[in-house]
Each structure stands twice: as C-alpha cells, then as structure tokens.
Amino acid sequence: MPSFHRRVRSIDLAGQVVVITGAGSGIGRELALLCAQRGALLALCDINGVGVSRTAEEAHEHGAQVLMSQIDVSDADAMRRFAQATFDRFGRVDLLVNNAGVAVVGGFLETNRKDWQWLIDINLMGVVHGCEAFLPAMVRSGRGGHIVNLSSAAGLLANPQLSAYSATKFAVLGLSEALRMEMKPYGIGVTAVCPGIIDTAITQDSPIRSGGDTDERRKRLMSVYRKRGYTANRAAHNILRAVQRNRAVAPVAAEAHLMYALSRATPPLARWLAARLADLSK
Ligand SMILES: NC(=O)c1ccc[n+]([C@@H]2O[C@H](COP(=O)([O-])OP(=O)(O)OC[C@H]3O[C@@H](n4cnc5c(N)ncnc54)[C@H](O)[C@@H]3O)[C@@H](O)[C@H]2O)c1
C-alpha cells in the first residue's frame, strides 16, 4: 500500500514522486506548490512554458526537486517522452495527476466541430495519454500508487451551457471508475475529482460561443467565479485529502457535493439545479 493511503492526519508526500499536467496555472499550479511544501519530488508539464517555469521556480524555492516540460497533453508521443524523462530522473512515479483541461462555453447548437475535437483531444485524450505513458511502469514496479483525473461537477450533472465540455468530463469520470476497478489488484488507487466553481484562469481562457456580447458575457462569467470565491489552493488541499482517503469520486466545493448527492438521490431535482446554475453564467 502506498504510504499516502494510510490513515494519518495529513498526506505524507516526503520523497514521493508526483506528476502533474497543466501545472502552469490554477488547480495544477496550487497542487504542485502544496506537494512541494510537503516534500514531494515533482514532474510538471504544461502547454504554457512560461506558466510551468514559474510554478517550477516557486516549487524549487520550497526545496523541491523539479523536472519541468512544456508539452501538449494531446500529443501522445510528447507525453511518452515526458514520462521517460520522469522515470530517468526519479526512477518511479507514486502519484499521477491528469489535470490539464480546457473549456468551451456554449450549448450544442453553438459548438462547432473544431471545438469538439479540441476538447476531446485535451480533456479526454490528454488523460488517456497520461495514463498510457505512466501506468504500465507503475504497474510493473509493484509499488502501488495513485492516479487523479480531473473531471468536473459538469461531469456529474450535465450543464447545458457547457455541452461538449460536460461530455468530455462524463467520459473522464467513466474512464476513472473503470480504471479504479482494473487497478485495484495492483494497489493503485484512482480518483475522479469533480470541482464545482473554482476561481481560476479557465474563465478568462475559455472561448465563449453563446450569448451575443462576449465581453459582457465574459465579465459576468468571471464575476460569478470570483464572487463564489473558492480558491485553487483550497481545491488542491481537498484533492490531496481525497487521495489520502482513496476516494473513487471527489466532489470539490459545496455545489459539487450537492450535485453529486442529488444526481444519485433525485435525478430530476438535480437536473433542475444544473439548469439554474447554468443560467447564472448566461
Ligand atoms: N476552475 C473550475 O471551476 C473547474 C471546475 C471543474 C473542473 N475543472 C478542471 O480542473 C482542471 C484545471 O483547470 P483550472 O481551473 O485550474 O484551469 P486553468 O486554466 O487555470 O489551468 C489549466 C492549465 O492546463 C493547461 N493546459 C491547457 N491545455 C493544455 C494542453 N493541451 N497540454 C498541457 N497543458 C494544457 C493550461 O495552460 C493551464 O495552465 C481542468 O481539467 C478543468 O477542466 C476546473
């Protein structure tokens, strides 16, 4: 059993090798810094070289050894090279966090084929490539470990304003649940993390396809996330707690917990709530 699955007060990452994709911003960045503070050895990647360098420098200041790479998770070969570099440098991987993700705001009628491909390539295939590149060696090592895949509250309950995004996040949840059963004999835990509204740069960077004036729309979207006030740092703490407890599904933030509970107990009420939440950012 990996040492972080023990029932201790807070997860022990001293000397553990942690890989995080999308570590240049938001949840991935905060998770990297938290892991650094807790003594982990880090392999970080992001498509944004400036962002991931910044995170790596800060993690270094916390005393962490860091391997850093600028790669696109939708590129399977690049992911394999990143994995090879990680095993060459640290010899093993204990925790893999497939965090990199993007969003497109819009209903089905406003989402074009290019948007679909972009979301599928990064949100779903990025997770597949991460698992493909790291898992076989983790299994062969016989040391156990843990995988975290970033789904979303929109992967628990479909959001009509995030039509294609929801589809990719449902897929990540399904993959994670299947992988969890398959990996159990190898002592590798799998957690699907489903955040609610977390205030990160995703609100600035996501293309908006619906609702007319996009400047106005973006301001409203960003203001909903800002007012909600749930930070990426808080999300990172919750993710590590979910790893320690070896949770199958980990909602993050109250609205995600509520959506998870309602989607299981009373699906019609859950759908009503999801539609109201989507209206908030219209
Ligand atoms: N913020 C939220 O409210 C929220 C809610 C639910 C789920 N999530 C999920 O959490 C994860 C992290 O999002 P965040 O909110 O921290 O967003 P963010 O935009 O702050 O960070 C995402 C990071 O992923 C990187 N990235 C994007 N495409 C990439 C690619 N092709 N290859 C490598 N890196 C890439 C970005 O450069 C960025 O640094 C995502 O999977 C997102 O879908 C976020």
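A few notes on this one:
- Considering residues of the stretch 225-237 that are part of a loop (DSSP other than H, G, I, E, B) and of a type in the set (Ser, Thr, Tyr) only, the residue surrounded by the fewest Cβ atoms within 10 Å (Cβ to Cβ): Thr231
- Hey, Leu240 surrounded by 15 or more Cβ atoms within 10 Å (Cβ to Cβ), away from the ligand (no atom under 14 Å from the Cβ), over 17 Å from the mean Cα position of the chain (by Cα) and part of a helix (DSSP H, G or I) or not: no
- For Leu67, the conditions (1) touching a Lys or Arg at 6+ places or on another chain (Cβ under 9 Å); (2) within 12 Å of the ligand (Cβ to nearest atom); (3) of a type in the set (A, V, I, L, M) are fulfilled apart from (2).
- Test: residue in the stretch 34-48 that is open to solvent by 50 Å² or more (accessible area, probe 1.4 Å), outside any strand (DSSP E or B) and within 14 Å of the ligand (Cβ to nearest atom): yes
- Out of Ser176, Ser141, Ser163, Ser152, sole residue that is of a type in the set (Ser, Thr, Tyr), within 16 Å of the ligand (Cβ to nearest atom) and farther than 19 Å from Leu240 by Cβ: Ser163
- Matching residues, the stretch 88-123, being assigned to a helix (DSSP H, G or I), open to solvent by 40 Å² or more (accessible area, probe 1.4 Å) and either in contact with a helix residue (DSSP H, G or I) (Cβ under 7 Å, 6 or more places away or on another chain) or under 17 Å from Ile20 (Cβ atoms) (or both): Arg89, Phe108, Trp116, Ile120
- Failed condition for Met222, given (1) within 10 Å of the ligand (Cβ to nearest atom); (2) open to solvent by less than 60 Å² (accessible area, probe 1.4 Å): (1)
- Scanning the stretch 206-224 for residues that are among the charged types (D, E, K, R) and assigned to a loop (DSSP other than H, G, I, E, B) yields Arg209, Asp213.
- A search for C-beta distances below 7 Å between a residue of the stretch 111-123 that is within 9 Å of the ligand (Cβ to nearest atom) and any residue that is part of a helix (DSSP H, G or I), counting only pairs 6+ apart in sequence or on different chains, returns Asn123/Thr168; Asn123/Lys169; Asn123/Val172.
- Test: residue in the stretch 248-260 that is farther than 22 Å from Gly28 by Cβ, open to solvent by less than 20 Å² (accessible area, probe 1.4 Å) and either at pLDDT 95 or above or assigned to a helix (DSSP H, G or I) (or both): yes
- Val18 vs. criteria open to solvent by less than 40 Å² (accessible area, probe 1.4 Å) and assigned to a strand (DSSP E or B): yes
- When the stretch 141-167 is limited to residues that are open to solvent by 20 Å² or more (accessible area, probe 1.4 Å) and either out of contact with any helix residue (DSSP H, G or I) (no Cβ under 7 Å at 6 or more places or on another chain) or among the polar types (S, T, N, Q) (or both), the one that is nearest to Asn112 (Cα to Cα) turns out to be Ser163.
- Some residue of the stretch 168-179 being in contact (Cβ under 8 Å) with a residue 40 or more places away in the chain, open to solvent by 20 Å² or more (accessible area, probe 1.4 Å) and out of contact with any helix residue (DSSP H, G or I) (no Cβ under 9 Å at 6 or more places or on another chain): yes
The values are calculated or read from the model by the stated rules, or taken from the named source; none is laboratory data. Model, not experiment: these values are computed from the prediction. A quick note on method: Cβ atoms are made from the backbone with ideal geometry, for glycine too, and the neighbour counts reach across all protein chains shown. Please note that ligands, DNA and RNA were not included when accessible areas were found on the heavy atoms of the full protein model with its side chains. Shrake-Rupley method; radii C 1.70, N 1.55, O 1.52, S 1.80 Å.
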